[in-house]
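The values are calculated or read from the model by the stated rules, or taken from the named source; none is laboratory data. Please read these numbers as outputs of a predicted model, since none were measured by experiment. Cβ placement follows ideal geometry from the backbone for every residue including glycine, while neighbour counts extend to all protein chains displayed.
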Amino acid sequence: MSDIDTADPEIAPIKRPARWHILVFLAPAFLVYTAVMILPLIETLRLSLYNLVDNQTVFVGLSNFITLFSDPRLAANFWNALWNNLIFFVIHMLVQNPIGVALAAMLSVPKLRFATFYRTAIFVPTLLSFVIVGFIWKLILSPIWGIAPSMMDLVGLKWAFAPWLGRPESALITVSLISVWQYVGIPMMLIYAALLNIPEEVLEAAECDGITGWSQFWKIKLPLILPSIGIISILTFVGNFNAFDLVYTVQGALAGPDGSTDILGTLLYRTFFGFQNQMGDRSMGATIATVMFLIILAGVSLYLFVIQRRIRRYQF
Amino acid sequence: MTRLLKGMLLATTMFAPAGAVLAQDASLTIESWRNDDLSIWQEKLIPAFEAKNPGIKVTFAPMAPTEYNSAVNAKLEAGTAGDLITCRPFDLSLAMFQKGQLAPLNDLDGIKNFSDTAKSAWTTDDGKTTFCVPMASVIHGFIYNKKAFEELKVEVPKTEDEFFALLDKIKADGNYIPLAMGTKDQWEAATMGYYNIGPNDWKGEEGRKALIAGTQKLTDADWVEPYKTLAKWKPYLGDGFEAQTYPDSQNLFTLGRAAIYPAGSWEIAPFKAQADFEMGAFPPPVKKAGDTCYISDHNDIGIGLNAKGKNPEAAKKFLAWVASPEFATLYANSLPGFFSLNSTAVKMEDPLAQEFVSWRQNCKPTIRPSAAIVGRGQPNLDLEMWRVSANVINGSETPEQAAAETQKGLDSWYKPAK
C-alpha cells in the first residue's frame, strides 16, 4: 500500500474507497464457519497424528494409521465398515436416485392432478428427524408389535415376513431402504426443478420431429438433467459416507447383528466415544475420521475433476 | 437503559456468589448411569440424607448406561465431573483410580462395614486400597409367570432336562411364549444367557479364576457348554426374536404373553410396577440332580470420590452415609433386586427379592467372568461375549466358533501371570 503513496501521482490509479463492507458482510459467516467447521476439522486431522503414551499426548506421526490398517481386529472392523458403507451407497444410487428421477418425471407431467399434494407428501419424510424415522420403522417392522406382519398377513404374504432388522443378511439392506424412503424427496425435488427449467420450445421442437413420450424423456429430457443427476450423486456419496444417525437409532451403536450394519460413522462413534465397557480412544477415532475425510475428498475430487468436466451442458 | 442493564449485570455477578456463600451450601453431584432410579434418588434417598445433613445439597445426575463410562471419563479429564462418581465394578473403576481420578477410601468411616468379597470389585489387585463404597450386587436367574405355571400345571425346574421338558410343554400348549428374550440388543444374550447359566458349567469362581490364571481357556468344554445350551433356546424364543429388543422382551413378559424371563434381579422393581400377575423366580437349573448350583451374584454398583472434587468433606460425609446400615436398608427396599453388600443383615420386604437372595444359602456365588482382569484389554471380552452369544442363539455361529473367537480376542492381549 505504501508504494502507491510514493509513486508518481500522475500514473497512480484512481483511488477507490476501501470496500470494507465486503469484509464486514463476509465476517460473520466466515467466523462461524471457521469456529464450527474448519477448526474442528483441523483439530481432528492433528489429533490423528498424536497418541497417548504414558498418559502424555505425544506426536507419533503416521503410527495411528499404521495401527489402523495392520492391527487384525481394527483392520477387520474398518474394512467391514467400509464395505458396508459401499453397499449402503450402492443401494442409494440404484434405488433412491432412479426412483427420485421417476417421481420427478411423473410430477412434471402437466395433466397430473394433485401434483402439489404428492410432491409435499413425498418430501415430508426428509423433513422428519432421523430419530422419528428410525423409531417409526423399527416399530413398523417389529415382529411383535409392528403392523408390517399383520398388513402382510391381510394380503396373504405373511410367509414373506421376516425379522429383517435382526438378520445379518437382510439388516443392512433394510436400513438402506429406510434411508432411501426418508431421503428420496431430495433427488425428486432437484430433478423436478431441472425438468421445469427445460424450455417449452425445445420440447415442442422435439414433438415436431416426432419425438414424444418415452423417447422424448430418454433423448431430450434426460441429457438435459444430467448435470443435476451428477450433483445428486455427489450429494448422495457425501451423505452416505458421513451417515451415522439412522443406523444408530435403528440398530444401536453396536450396529448389529454381528456388525452387519456397521458403517464408517458408527465405527467412528464407537471408537471415539467408546461403548459400554469399551473405552473411547480419541486418537484412533480421529484417525478413522481422517480416513473418512480422505475417502470423501477423493470421491468429490474424482467427480469434480473427471466426471463433471465431461458432462455436456446446454445453454438456452 | 444500557446503564441500567450494566448495573444489573454488575450486581448479579458481584452479589450472586456472596449469596451462595451466605447460605453455606455445599452442593454435591452424583454421576451415575442408573437413569431408571432417578425418582428413587430424588424422592427417597437424597431427602433422607439432606434431612440429617443440613447445608449439603445433593443432585443425582444420571445418563445413558452405554455412554456413561466414556462421558464420565471425559468429564473427569476436563475437571467438570461431580464430586461423587458411581463406580462400575472391577477394571473400569480400577483404571479411573490408577489415573488418580478416584480417591482412596481406606480410612472412610464405615468402610469396615463391608467384607473383602464385597470390596473386591473396587480394590486394587494387591488388595490394599479400596476406592469405592460398595452399594449393591445383582443376582441372575429366571423370573416366571406364576399364573401361567398354574394354568399349565407345571413345576419349577431343578435340572436342565426338566427345564427343557418344561419349555416343550409351554410351547406345545401354545398360549405363552416359553422364553422372553431377544438377540437384537446383543447384551441380553450374554448377560441373561451366557453369564446366567454358565457358572453351573465352569463351576463359578473356580473356572473364573482358572481362566484368569490361564489354566483354562474359553475353548475348554466347560466354557463351550453354556453356548451349546443357549443354542438350544432358539426354538423356545418368540417369533422374530432376532429383531426383539430388550424393552420388547420386558413388555412381552409383563404383558403376560411369555412364561419365563431370563433375568437379572434388577428387573424386580420395574416388573412389580407393570405386571398384574404373581411372579416367582428360580436359579439356573443344574445339569444333574444333586449337582452343586452356582449363581452369578455380581457386585454391580459402588460409589467413589472424585479426587479433584470441590467439596471433598461433604462428599465424604455422603459416602460414610452410603456405607451405613441405614442406607443399606433404605436402598435395598427402595430398589428390590439391588442387594446390599453391607455386612449388616438387611431386612427386605419384597418376596421376589427374598427368593433371589435365598439362593445364596445353597448355591455358590460368582461374578461375571468378563468383569475382572480379563476385561481390561482390547477387544473388550464383555462386548465380544455379547456378540457371539447373540450369534450362537441366532444360529449364525456354532458354539465352538464362538468360543474360539472370544479366546482369540483374549489371546491377542492377555498374558496370564505365570
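Look at the stretch B:306-317 and say how many of its residues are under 26 Å from the mean Cα position of the chain (by Cα) and surrounded by fewer than 24 Cβ atoms within 10 Å (Cβ to Cβ). Outline the logic, then answer.
To start, the set of residues in the stretch B:306-317 that are under 26 Å from the mean Cα position of the chain (by Cα) comprises B:306-307, B:309, B:315-317.
From what is left, the residues that are surrounded by fewer than 24 Cβ atoms within 10 Å (Cβ to Cβ) are B:307, B:309, B:316-317.
Looking only at that region, the number is 4.
State the number of residues belonging to the stretch B:210-223 that are surrounded by fewer than 22 Cβ atoms within 10 Å (Cβ to Cβ) and part of a helix (DSSP H, G or I). Outline the logic, then answer.
Initial filter on the stretch B:210-223 (surrounded by fewer than 22 Cβ atoms within 10 Å (Cβ to Cβ)): B:210, B:212-217, B:219-222.
Next, from what is left, pick out any that are part of a helix (DSSP H, G or I): B:210, B:212-213, B:221-222.
Total meeting the criteria: 5.
Scan A:125, A:98, A:72 and give me the residue that is loosely packed, with under 15 Cβ neighbours inside 10 Å, under 18 Å from residue A:236 (Cα atoms) and not hydroxyl-bearing (Ser, Thr, Tyr). It would help to see each step written out before you state the result.
Details: A:125 fails: loosely packed, with under 15 Cβ neighbours inside 10 Å; A:72 fails: under 18 Å from residue A:236 (Cα atoms).
Result of the check over A:125, A:98, A:72: A:98.
Tell me which helices (runs of 4 or more DSSP H) are completely within the stretch B:304-418 and hold 3 or more residues being closer than 20 Å to residue B:198 by Cα, touching a residue at least 40 places away in the same chain (Cβ under 8 Å) and not assigned by TED's automatic domain parsing to the domain that holds residue B:95, or say none if there are none. Walk me through how you get there before you give the answer.
Working: elements: B:312-322, B:325-334, B:351-362, B:381-394, B:399-411.
Passing ranges, in order: B:351-362, B:381-394, B:399-411.
In the list B:382, B:411, which residue meets the criterion of being modelled with pLDDT of 90 or more, buried (at least 20 other Cβ atoms within 10 Å of the Cβ) and within 13 Å of chain A (Cβ to nearest Cβ)? I'd like the intermediate steps shown before the answer.
Working: B:411 fails: buried (at least 20 other Cβ atoms within 10 Å of the Cβ).
Going through B:382, B:411 in turn, just one is modelled with pLDDT of 90 or more, buried (at least 20 other Cβ atoms within 10 Å of the Cβ) and within 13 Å of chain A (Cβ to nearest Cβ): B:382.
Could you go through the stretch A:191-202 and let me know if any residue there is of a type in the set (Phe, Trp, Tyr), away from every other protein chain (no Cβ under 14 Å), within 18 Å of residue A:139 (Cβ to Cβ) and assigned to a helix (DSSP H, G or I).
From the stretch A:191-202, those of a type in the set (Phe, Trp, Tyr) are A:192; that's our starting set.
Retained after the next criterion (residues that are away from every other protein chain (no Cβ under 14 Å)): A:192.
So of that shortlist, the ones also within 18 Å of residue A:139 (Cβ to Cβ) come out as none.
No, the stretch A:191-202 contains no residue that is of a type in the set (Phe, Trp, Tyr), away from every other protein chain (no Cβ under 14 Å), within 18 Å of residue A:139 (Cβ to Cβ) and assigned to a helix (DSSP H, G or I).
Please give the helices (runs of 4 or more DSSP H) falling wholly within the stretch B:52-171 in which 2 or more residues are of a type in the set (S, T, N, Q). Before the answer, list the steps.
Working: elements: B:65-78, B:91-98, B:116-119, B:146-151.
Fully inside the stretch B:52-171 and qualifying: B:65-78, B:91-98.
Can you confirm whether residue A:180 is touching a His at 6+ places or on another chain (Cβ under 9 Å) and of a type outside the set (Phe, Trp, Tyr)? Lay out the reasoning, then the answer.
Values: touching a His at 6+ places or on another chain (Cβ under 9 Å): yes; of a type outside the set (Phe, Trp, Tyr): yes.
The answer is yes for residue A:180.
Residue A:125 - would you say it is away from chain B (no Cβ under 14 Å), in contact with a Phe, Trp or Tyr (Cβ under 7 Å, 6 or more places away or on another chain) and within 27 Å of residue A:260 (Cα to Cα)? Write out each step before concluding.
Working: away from chain B (no Cβ under 14 Å): yes; in contact with a Phe, Trp or Tyr (Cβ under 7 Å, 6 or more places away or on another chain): yes; within 27 Å of residue A:260 (Cα to Cα): yes.
Yes; evaluated as a whole, the condition is true for this residue.
With the requirement that a residue be more than 25 Å from residue B:73 (Cα to Cα) and part of a helix (DSSP H, G or I), what does the stretch A:43-77 give you?
A:66, A:69, A:70, A:72, A:75, A:76
Of the residues A:90, A:101, A:95, which single one is in a helix (DSSP H, G or I), within 17 Å of residue A:222 (Cα to Cα), in the same structural domain as residue A:247 (by TED's automatic domain parsing) and within 24 Å of the chain's Cα centre (by Cα)?
On the way: A:90 fails: within 17 Å of residue A:222 (Cα to Cα); A:95 fails: within 17 Å of residue A:222 (Cα to Cα).
After applying the criteria, what remains is A:101.
Contact list please: Cβ distance under 7 Å, first residue in the stretch A:159-178 and of a type in the set (Phe, Trp, Tyr), second residue surrounded by fewer than 24 Cβ atoms within 10 Å (Cβ to Cβ) and at pLDDT 95 or above, pairs at least six apart or on different chains.
The qualifying pairs are A:164/A:174.
Just one of the numbered conditions (1) surrounded by fewer than 17 Cβ atoms within 10 Å (Cβ to Cβ); (2) within 14 Å of chain A (Cβ to nearest Cβ) is not true of residue B:373; which one?
(1)
Looking at A:63, A:48, can you tell me which residue is away from chain B (no Cβ under 13 Å), polar (S, T, N, Q) and without any contact (Cβ under 8 Å) to a residue 40 or more places away in the chain? It would help to see each step written out before you state the result.
Working: A:48 fails: without any contact (Cβ under 8 Å) to a residue 40 or more places away in the chain.
That would be A:63, the only listed residue that is away from chain B (no Cβ under 13 Å), polar (S, T, N, Q) and without any contact (Cβ under 8 Å) to a residue 40 or more places away in the chain.
Looking at the stretch B:105-115, can you tell me whether even one residue there is without any contact (Cβ under 8 Å) to a residue 24 or more places away in the chain and either outside the structural domain of residue B:271 (by TED's automatic domain parsing) or not hydroxyl-bearing (Ser, Thr, Tyr) (or both)? I'd like the intermediate steps shown before the answer.
Keep residues of the stretch B:105-115 that are without any contact (Cβ under 8 Å) to a residue 24 or more places away in the chain, which gives B:107, B:112.
If we keep only those that are either outside the structural domain of residue B:271 (by TED's automatic domain parsing) or not hydroxyl-bearing (Ser, Thr, Tyr) (or both) as well, we get B:107, B:112.
Checked the stretch B:105-115: at least one residue is without any contact (Cβ under 8 Å) to a residue 24 or more places away in the chain and either outside the structural domain of residue B:271 (by TED's automatic domain parsing) or not hydroxyl-bearing (Ser, Thr, Tyr) (or both).
Would you pick out the residues in the stretch B:161-203 that are away from chain A (no Cβ under 14 Å), crowded, with 24+ Cβ neighbours inside 10 Å and either touching a His at 6+ places or on another chain (Cβ under 8 Å) or small (Gly, Ala, Ser) (or both)?
B:192, B:193, B:196, B:198
Residues in the stretch A:203-222 that are in a helix (DSSP H, G or I) and either among the acidic types (Asp, Glu) or within 14 Å of chain B (Cβ to nearest Cβ) (or both): how many? Let's see the steps before the verdict.
Pass one, the stretch A:203-222, residues in a helix (DSSP H, G or I): A:203-208, A:213-222.
Subsequent filtering for residues that are either among the acidic types (Asp, Glu) or within 14 Å of chain B (Cβ to nearest Cβ) (or both) retains A:204, A:207.
Summing the residues that are in a helix (DSSP H, G or I) and either among the acidic types (Asp, Glu) or within 14 Å of chain B (Cβ to nearest Cβ) (or both) in the stretch A:203-222 gives 2.
Return a yes/no flag: does the stretch A:223-233 have any residue that is over 26 Å from residue A:182 (Cβ atoms), away from chain B (no Cβ under 11 Å) and touching a residue at least 60 places away in the same chain (Cβ under 8 Å).
Within the stretch A:223-233, one or more residues are over 26 Å from residue A:182 (Cβ atoms), away from chain B (no Cβ under 11 Å) and touching a residue at least 60 places away in the same chain (Cβ under 8 Å).
Of the residues A:162, A:205, A:194, which is at pLDDT below 95, more than 30 Å from residue B:397 (Cβ to Cβ) and touching a Pro at 6+ places or on another chain (Cβ under 9 Å)? So that I can check it myself, show each step before the final result.
Working: A:162 fails: more than 30 Å from residue B:397 (Cβ to Cβ); A:205 fails: touching a Pro at 6+ places or on another chain (Cβ under 9 Å).
Matching residue, one of A:162, A:205, A:194: A:194.
Out of the stretch A:238-282, which residues are within 7 Å of chain B (Cβ to nearest Cβ), assigned to a loop (DSSP other than H, G, I, E, B) and closer than 14 Å to residue B:73 by Cα?
Taking the stretch A:238-282 first, the residues within 7 Å of chain B (Cβ to nearest Cβ) are A:252-254, A:256-258, A:273-280.
Filter again for assigned to a loop (DSSP other than H, G, I, E, B), leaving A:252-254, A:256-258, A:276-277, A:280.
A:276, A:277, A:280, listed by residue number.
Can you pull out every residue in the stretch B:220-263 that is within 13 Å of another protein chain (Cβ to nearest Cβ) and either closer than 27 Å to residue B:210 by Cα or in contact with a Leu (Cβ under 6 Å, 6 or more places away or on another chain) (or both)?
Selection gives B:237, B:243, B:258.
In this structure, is residue B:78 within 21 Å of the chain's Cα centre (by Cα) and over 15 Å from residue B:312 (Cα atoms)? Steps first, answer last, please.
Working: within 21 Å of the chain's Cα centre (by Cα): no; over 15 Å from residue B:312 (Cα atoms): yes.
For residue B:78, the condition - within 21 Å of the chain's Cα centre (by Cα) and over 15 Å from residue B:312 (Cα atoms) - is not met.
Name the one entry in B:280, B:193, B:256, B:207 that is touching a residue at least 40 places away in the same chain (Cβ under 8 Å), of a type outside the set (D, E, K, R) and assigned to a loop (DSSP other than H, G, I, E, B).
Numbers: B:280 fails: assigned to a loop (DSSP other than H, G, I, E, B); B:193 fails: assigned to a loop (DSSP other than H, G, I, E, B); B:207 fails: assigned to a loop (DSSP other than H, G, I, E, B).
Within the list B:280, B:193, B:256, B:207, the selection yields B:256.
For (1) over 21 Å from residue B:276 (Cα atoms); (2) touching a Phe, Trp or Tyr at 6+ places or on another chain (Cβ under 6 Å); (3) among the aliphatic types (A, V, I, L, M), each residue gets a yes or a no:
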site	(1), (2), (3)
B:153	no, no, no
B:161	yes, no, no
B:165	yes, no, yes
B:170	no, yes, yes
B:173	yes, no, no
B:178	no, yes, no
B:181	no, no, yes
B:187	yes, yes, no
B:195	yes, no, no
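Counting only residues that are surrounded by 13 or more Cβ atoms within 10 Å (Cβ to Cβ) and of a type outside the set (D, E, K, R), which one in the stretch B:117-128 is nearest to the chain's Cα centre (by Cα)? Before you say what the answer is, go through the steps one by one.
If we filter the stretch B:117-128 for residues that are surrounded by 13 or more Cβ atoms within 10 Å (Cβ to Cβ), which is where we start, we get B:117-124.
Now drop any that are not of a type outside the set (D, E, K, R), which leaves B:117-118, B:120-124.
Values: B:117: 16, B:118: 14, B:120: 15, B:121: 12, B:122: 14, B:123: 18, B:124: 20 Å.
Result: B:121.
Name the one entry in A:124, A:133 that is closer than 28 Å to residue A:288 by Cβ, part of a helix (DSSP H, G or I) and out of contact with any Lys or Arg (no Cβ under 9 Å at 6 or more places or on another chain).
Working: A:124 fails: closer than 28 Å to residue A:288 by Cβ.
Just one listed residue meets the conditions, A:133.
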